[in-house]
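I have placed the structure first, in the form of structure tokens, so that the comments after it can refer back to it.
What follows draws every value from the coordinates through simple rules; no lab data is involved. Just so we're clear, the structure is a prediction, and the values are computed from it rather than from any experiment. Cβ atoms come from the backbone with ideal geometry, glycine included; neighbour counts cover every protein chain shown.
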Amino acid sequence: MRIVFSEFAKLEMNDAASFYELQFEGLGDSFKSEVRKAALRIADYPRAWSPGRGEVRKCLLHRFPFSILYSIEPDHIFIIAVAHQHRRPEYWTER
């Protein structure tokens, strides 16, 4: 299934990658790679993660304290947020 990132999710992913890159060279690319791998898992198994708030599902990243919040649409997966797991937990609900 096709994956579509919201503009907010793209910004969040890029901001986090920039932060990690400042911490250690190459870590930003590792973060983006981890997000891509998670998005591919979601595309292959979109119903593997339970719905939380409404129909929004949450997939946790393995190596970083982030989760991907997404919804299953008729013809694609919509990534709502790439959210840090410990900061402002429900900030994305207005999207």
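Some observations on this one:
- Compared with the direct C-alpha span, the chain from Asp75 to Asp15 gains 18.8 nm at full extension, assuming 0.36 nm per residue.
- Helical runs assigned H by DSSP (4 residues or longer) give the chain a calculated mean residue ellipticity at 222 nm of -12500 deg cm²/dmol, each run adding -39500 (n - 2.57) before division by the residue total.
- The antiparallel fraction among DSSP beta bridges confined to the chain stands at about 75%.
- Prolate/oblate/rounded call for the chain, Cα gyration tensor, a/c under 1.5 rounded: prolate
- Charge dipole of the range 2-85 (Cα centre as origin; +1 on each Lys and Arg Cβ, -1 on each Asp and Glu Cβ, all else neutral): 340 debye, rounded to the nearest 20.
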